[in-house]
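Down below is the structure, laid out as structure tokens.
Where a number appears in this text, it was derived from the coordinates with a stated rule and is not lab data. On a predicted model such as this, the values are computed, not experimentally measured, just so you know. Cβ placement follows ideal geometry from the backbone for every residue including glycine, while neighbour counts extend to all protein chains displayed.
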């Protein structure tokens, strides 16, 4: 089975990149290169540095998942799909896919962005059809890295 980790890369670029850019913009707006700053500007520059540090920490956490991913699997039938961009804000390109094996409650939710879906599983999931989902458990979601159609034994 060949795994596609582009969804993890998307999570690294989308939220972490936006947070990093926000920190850079705050620094630039406050003319951080000047030698003299009043207390309010110093606080904003300090906050911008904290924002940059947070983005670097999150980036390192996602890089660990890219370098040494721990792929797990789940077999169940497809229940529903909906847009769930809270896992990769601020870009609205992530969808949640709900599967059930008949016993899990709550039903597990897996995420895949539209760009990765084209590469991993370009067809639409069929409601009630069984699939084996291969995923990497990330900080805030389960990113799908491969999909196999599954036929349960009768």
Footprinting exposure proxy for 34, 117, 43 (fewest neighbouring C-beta atoms within 10 Å first): 34, 43, 117
Alpha carbon Rg of the range 71-149, scaled by the compact-globule rule 2.2 N^0.38 Å: 1.01
Full-extension gain in nm, residue 67 to residue 44, via 0.36 nm per residue minus C-alpha separation: 4.9 nm
log10 of Debye I(q)/I(0), alpha-carbon scatterers only, for the range 6-67 at 0.14, 0.21 Å⁻¹: -0.45, -0.75
Structure-derived percent of Cα pairs over 19 Å apart - corresponding label in [x] 59; [y] 50; [z] 53: [x]
Mean-position separation - Cα centroids, the range 102-123 and the range 41-58, in angstrom: 34
Length added when fully stretched, residue 18-residue 115, from 0.36 nm per residue minus Cα-Cα: 33.1 nm
Using alpha-carbon coordinates, inclination of helix 17-29 to the longest axis of the chain, degrees: 10
Between helix 39-67 and the chain: long-axis angle, C-alpha atoms, 0 to 90°, nearest 10: 30
Efficiency of FRET from Cβ geometry, residue 79 and residue 57, R₀ 30 Å, rounded to 0.05: 0.30
130, 33 arranged by Cβ crowding within 10 Å, fewest neighbours leading: 33, 130
Per-pair calculated FRET efficiency, R0 = 22 Å: residue 93 and residue 127 via Cβ, rounded to 0.05: 0.45
